[in-house]
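Okay, structure first, notes after.
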Amino acid sequence: MYVIIVAFYSSIVFFTTALRHETKQTLQHIPELWVQKLAGGRLTPFPQYITDSIQKWQGIKKIVPRYWGYQFDTPTGAVFTLMGMNDIKDLPFLINISDKKINTKFPIKDDEIIVGTGFLALRGLEIGEKMTLLDAKGNIKSFKILTSFSAESDLLTKDLLLLNEKMAKNILDISENNSTDIAIYLYNNQESENLARKIDQNFGGIRVVTSTQLASTYQTLFGWRGGIFIYGILLSLLAFGVLAWERATSLQTDERKSLAVMKALGWNINDILTFKIWESLLFSLTVTFLGIWLGFFYVFFLESPFLKNFLVGWSVLYPNFTLVPYVDFSSIFSIFLVSILPYLLATLVPAWWGAITDSAEAMK
C-alpha cells in the first residue's frame, strides 16, 4: 500500500511538472505581441489601416497578419481550427514542431490543404485523397490533402487545417483589406509592455496580448487543470496520514516482544529509538525509490492512461501528445518530503511507547 500511494503521488507530480515544462518550451517561440480588434467584447476583422500605422513605429521588426477561425465538422461533430498562411516561416514556433517535408511545400495551391493527424483519423482519410469544406456562401470547395503535420506536433496541430491565405479568407469570409488579428515581432522583447500600452492608447476597441501575458494565461489554465489533480494529491496525503496514524497508534505483538528483548539485553530508550528511526528510514527510502520509479514509468513510458484522459477527455478531438520526460529537484524533494517525513515521525510514537513499556508486560 505504501508503494502504491507513493507511485500515485509521484505520477501526479511528474505529469503536471512535465506538462508545464512542455508548455513553457512551446511558448518561447511565440511573437512578442498579438493585437486583435473587438466590438462588444467579440473578435471582429482587423483593419489594414491599423496594421499600416503600427508598421511605421520604431522597434517593430515584423508584423504578420493572421487569418484563422473555427470550422464545425458536421460528420464528426468536432470543431477544427482553420488557418491561412502563404509562408510557414511567418510563424517560427510552427516550424519547430512541424515535419520538415511541410516546409518545402509552400506556397500551397488553392486546391491543396495540410491537415492535422486528428482530422485524418476522424474523417478516415489518407494523404493524397480529396476532402471538402463549405465556404462563407455555402459553396463546396474541394481540396487535395497535401500532407499532414507530424505526430510530434499534435499538441498544437492535431485539429489544424492549413490553407493558403486566399482560400482561408474565402471560407472564413474575411475581406481583402482585413485579417483576423496580427502578430508583432520586436527587436527588443523588453519593450513589449511599453508598445502594448502605446497601441492601446492610440486605437480604440483594441486588445493587445503580450507573450508574457499569454504564457501566464496558459500557466493559469494548466494550474487550474492541475488544481483538479490537487484532489488526487489530497487523496495521497490522506492515505499517508491514515498510514502514519495506523503506524503511530498500533504496535504489533511481535514488535512489542522485539523491543522487550532489546531492553532485556541492555538497550536503553535512546538506543531503541535510534534503531527504529534507521530501520524506518531504510524502509521508507526503499519504498519511495520504488514508488518514484513506478510513477515515472507510468507517466513517461505508459503515457499516463486515465490521468491524460481525465485532463483532455472532455473534447471530441484532443491531442494524443507524448510528454517529454522532465523532472526537477523540487518535484523529487516534495515526493521525499511527503513520503518519508510522516512515516519517520509516526515511527517514533510506537517505538517510544514500546521502549517505556515494562519488558515482562510486553512479553505476555
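The values are calculated or read from the model by the stated rules, or taken from the named source; none is laboratory data. Note that the coordinates shown come from a computational prediction; the quantities given were computed from them, not determined experimentally. Don't worry about glycine lacking a Cβ; one is built from the backbone with ideal geometry, like all the others, and counts go over all protein chains shown.
Just a few scattered comments:
- Selection count, the range 24-42, where residues are among the aliphatic types (A, V, I, L, M), assigned to a strand (DSSP E or B) and modelled with pLDDT under 90: 1
- Selection count where residues are β-branched (Val, Ile, Thr) and over 24 Å from the mean Cα position of the chain (by Cα), scope the range 5-54: 5
- For the range 291-326, the tally of residues that are modelled with pLDDT of 75 or more, crowded, with 19+ Cβ neighbours inside 10 Å and not small (Gly, Ala, Ser) stands at 4.
- Checklist (1) touching a residue at least 60 places away in the same chain (Cβ under 8 Å); (2) farther than 19 Å from ARG197 by Cα applied to VAL35, failing item: (2)
- Of the residues making up the range 30-88, those that are farther than 21 Å from SER175 by Cβ, surrounded by 12 or more Cβ atoms within 10 Å (Cβ to Cβ) and not assigned by TED's automatic domain parsing to the domain that holds MET167 number 4.
- Contacts under 9 angstrom Cβ, first residue in the range 322-343 being not assigned by TED's automatic domain parsing to the domain that holds SER236, partner in a loop (DSSP other than H, G, I, E, B), 6 or more apart: none
- Condition met for VAL6 (among the hydrophobic types (A, V, I, L, M, F, W, C) and in a strand (DSSP E or B)): no
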